[in-house]
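Input: a single structure, listed below in structure tokens.
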Amino acid sequence: QVLLVFAEEDEQSNGFRWACDKAGFRCNLARTPQSALECFLDKHHDIIIIDHRHSRFFDAEALCRSIRTTKASENTVIICVVQRHTDREESSILPLISAGFTRRYVENSSRMACYNELIQLEFGQVQAQFKLRACNSLFTALEKSQEAIEITSEDHVIQYVNPAFETMMGYQIGELIEKELTEVPINEKKADFLDTINSCIKIGKEWQGMYYAKKKNGDSIQQNVKILPVIGQGGKIRHYVSISRLCNDNNKVEKTCECIQAESQTDTQTCRHKDMRKGSLDVRSTTSRGSDGSSQRRRSSMARVHSMTIEAPITKVINIINAAQESSPMPVAEALDRALEILRTTELYSPQLGTKDEDPHTSDLVGGLMTDGLRRLSGNEYILSAKQTHQVAGSLSSPISLNDIPPRITQAMENEEQWDFDIFELEAATHKRPLVYLGLKIFARFGICEFLNCSESTLRSWLQVIEANYHSSNSYHNSTHSADVLHATAYFLSKERVKQTLDPIDEVAALIAATVHDVDHPGRTNSFLCNAGSELAILYNDTAVLESHHAALAFQLTTRDGKCNIFKNMERNEYRTLRQVIIDMVLATEMTKHFEHVNKFVNSINKPLAALEENGNNGDGESIKTVLRSPENRILIKRMLIKCADISNPCRPREQCIEWAGRISEEYFAQTDEERRQGLPVVMPVFDRNTCSIPKSQLSFIDYFIIDMFDAWDAFADLPNLMEHLNNNIKYWKGLDGRNLRVLRPPP
């Protein structure tokens, strides 16, 4: 919620009101300090923006101080709008900070500037305040916990103890805060014991065991203690949390505590390698201190909650490894620790560059294709609007009939069922409209109209609308690329192993997805759009921007006009299934998930099939069918199919491979040129038309993205001709690179 405090309406206040509407924030407007204070106490806004430009209306700093005196403002972000002065030296912001302002905003009534300011606040100060606000509930839990909790700094200076700790140890909190730990465990082998604990916690491991501690009055008490290191800024240990439970002889000791005590008598100094999030606070400590019946009932309820098996598969894997560590020798436990560290990362499927990071071509390709760009807010807005005009059926010329295709085009498509089919010959014959003609032929071969229950004229209109919304001005991402991917998809669908796996609805979805997978592509990468702050990047939150746009626009173009709506006669549930498969396949072409898709395919499909063959089960149709036909594996196969079709250029015959390499290089050159013109971050600096080595860039792309993927796809679909072309093309590019040539072809 945002509160605007402006005495008069002007362009600046209107800019912030517009920005609030665009960002979806609730907004209130106050004209006087009194109304502002009343409104804030009623609504508790997250952001307050106060006009400090005109002191004759009200004292902005006094208003800020008044707001800051209220309890409700503790987590509120307050912004001061100040005048822009170009004729005098910059003034200090210290008076504003002293008054309680969070930051200042130099007047700029540009709507997008106001919007950018709000978005930065939301993901900066406001989000931080939300986290601080949540800390209150955590400290409430700590205060009410029946376990003694002590938090120290990395240097073992006490920073917090809860009431249970005060009661157990006999100290008041004021006697402990900012004091170094002077009370140490009393043990016959004290030095060795402390070394054991420290050797565990200093490397980030949890320690748990028994020791005796001395209370303020000198009495010794036995405690079941758990010490957890807390990783903070810089990846270093910044705090230690100690959780203690009293053990005594009054039969009040929990059974879990007795088990630990019995174990610790033989090996008290065990360093337990446990998941750091497991068992941090005993849930029983949150039960009420009411009657025994009520307490018992709540314990029972909490136990049922914690016995629920609502956990992700990765959580189960981590728990299994944790359990295995309990009884493992130290070398094994350390190896399992390294495995756990890998499993806890978010990038499980993206390989590290290793020695390849010295190759600028590989680094730039990875940076340009597998990231969402370096975020930089600027006034340079790339004009690719989600609201731009797109071609529709009514604005296009009459579609041709499959039976009326001119002889030259018919001849160009004669061998379209073969991998060596020349898409560039068809491009020339159709005057850069290959998608309509090739689409009509391939869709007829696969019986798409019969499956969709639509007429051929509807299909023709649809193909024309889709092709019209590809940009012919793009050197690479145009309708010829779409037709090429459609051809590769149809070729893969004809392979025996693929036919065994997919249903008719999967084939239809694959062909449609291939047709639309790059519709309305602007000839720029996702990184470029994010850096330029394009409307599409904002619409899709900088995530899979283009792929989301291609999928969404394809369905918008299809369903907005009955003349080209190929889905209009489908049954609702079947349409929803088809739509979901199409969307999933289009989104699979996004390169940030490249290694995830490939590794899942290898581990879930290639390896199980290879194991069946090695075990002599090659003829066991049921076992193979189980691997191929599971719903999860069919999804992986469809994703892999369209991914391979989308970037199959290096597996095409040499002349086609060379032509595609030239086209994609030109598109990247044009992007680099535009980034430099607009002052944007250059995401692929090696693609400078004056210095780039095309052979090196092709070899880097093939080495990093193509070889492993097509090895896996060939093992599944049996594609010896593609692999032969790939090997020949690698030799060709290496030959040019060995002669230090940077061009597509050697000189005559």
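The values are calculated or read from the model by the stated rules, or taken from the named source; none is laboratory data. Since the structure is predicted, the reported quantities are computational estimates derived from the model, not experimental observations. All Cβ positions, even for glycine, are placed from backbone atoms using ideal geometry, and neighbour counts span all protein chains on display. Quick note on the areas: whole protein, heavy atoms, side chains included, nothing else; ligands and nucleic acids left out. Shrake-Rupley method; radii C 1.70, N 1.55, O 1.52, S 1.80 Å.
Sorting the segments 126-132, 489-495 by their mean number of nearby beta carbons within 10 angstrom, highest to lowest, gives 489-495, 126-132.
Ordering Asp542, Asp420, Asp506 by accessible surface, largest first, gives Asp420, Asp542, Asp506; the 1.4 Å probe counts only protein heavy atoms, with every chain in place. For region 440-593, averaging the sequence separation of C-alpha pairs within contact (under 8 Å, six or more residues apart) and dividing by the residue count gives a relative contact order of 30 percent. With the whole protein complex present, Glu154 retains an accessible surface near 80 Å², based on a 1.4 Å probe.
Accessible area per residue (1.4 Å probe, heavy atoms of protein chains only) ranks Met591, Met684, Met112 as Met112, Met591, Met684, with the largest value leading. For a paramagnetic label modelled on Gln233 (point 7 Å from Cα along Cα→Cβ), amide N atoms under 20 Å away belong, within region 85-119, to 102-103. Full extension of the segment from Asn569 to Val332, taken as 0.36 nm per residue of separation minus the current Cα-Cα distance, would add 79.2 nm.
Put +1 on the Cβ of every Lys and Arg and -1 on every Asp and Glu Cβ in region 603-663; which of Thr626, Pro608, Ile658 then has its Cα farthest towards the positive end of the dipole? It is Ile658, whose Cα lies furthest towards the positive end. Here's the picture: charge each Lys and Arg Cβ at +1 and each Asp and Glu Cβ at -1 in region 2-141, and of Val77, Ser92, Phe6 the one pushed furthest to the positive end of that dipole is Val77. Is region 503-620 best put as rounded, prolate or oblate by its Cα gyration tensor, with a ≥ b ≥ c the root eigenvalues, rounded for a/c under 1.5, and otherwise prolate when a/b is larger than b/c, oblate when not? Oblate is the answer for region 503-620, as a/c is 1.5 or above yet b/c matches or exceeds a/b. Counting only Cβ charges, +1 for Lys and Arg and -1 for Asp and Glu, the dipole size of region 2-141 around its Cα centre is about 400 debye. Electrostatic bookkeeping for Cys27 treats Lys and Arg as +1 and Asp and Glu as -1; over the other residues with beta carbon under 13 Å from its beta carbon, the sum is +2. Rounded is the label for region 402-738, because the ratio a/c of its alpha-carbon gyration tensor axes (a ≥ b ≥ c) stays below 1.5.
Shape of region 1-42 from its Cα gyration tensor (a ≥ b ≥ c, root eigenvalues): rounded if a/c is under 1.5, otherwise prolate when a/b > b/c, or oblate? Taking the square roots of the gyration eigenvalues as a ≥ b ≥ c, region 1-42 is oblate. Using heavy atoms of the protein chains and a probe of 1.4 Å, the accessible area assigned to Glu632 is about 120 Å².
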